[in-house]
């Protein structure tokens, strides 16, 4: 017995499926019209909105306004630093210029110690037979051509040398011969044999 005799219902369905499908003349236009329908928007998940204070913002500042703000910040920092200086701390002057003493909220000018002044130190030698007299010492690198004395009378040779306050060793050069100054109050041993004369220059009182 065949399958068709067993189940005629299946054979009827298969016959229907084998039949050719015929479409009417409006089928194509209906399909195209269905495709041209506007697309439905897909639902979009919305994120929680950012609070107004936390939203990023862009600020535009002119160069002049930026300079003004920078100057204000520098002034605030400077005043903060000045107010932290103890009132008893005073800047000591280490130079010869007038320096301000820093005290909170104002300045007081303080004069620095006066610089020492050169003193015109006199030299005198008496010798009626001398032809030339000069002074050499630690103040002129022992150079006999720098400080030459002048004959002021028949036998008196004099001259002055500007010296800063301090201690100096020297000798006289009389007609090319080096000798100690007979009028010196102090002498000191020399590495070259003859003693050196000693001159002490004191500061000028003010």
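Bear in mind that the values in this text are calculations on the coordinates, not laboratory data. Being a predicted model, the structure only gives us computed values, none of them experimental. Please note: Cβ atoms are built from the backbone with ideal geometry, for glycine as well, and neighbour counts cover all protein chains shown.
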Along Cα→Cβ, 7 Å out, is where each label goes; now give me the distance between the ones at residue 146 and residue 118 in nm to one decimal. 1.0 nm
Can you tell me the relative contact order of region 119-201? Whole percent, Cα pairs under 8 Å, sequence separation 6 or more. 31 percent
Please arrange 191, 11, 169 by counting, for each residue, the other beta carbons lying within 10 Å of its beta carbon, fewest first. 191, 11, 169
Find the percent of Cα-Cα distances in region 143-199 that exceed 13 Å, and round it to a whole number. 67 percent
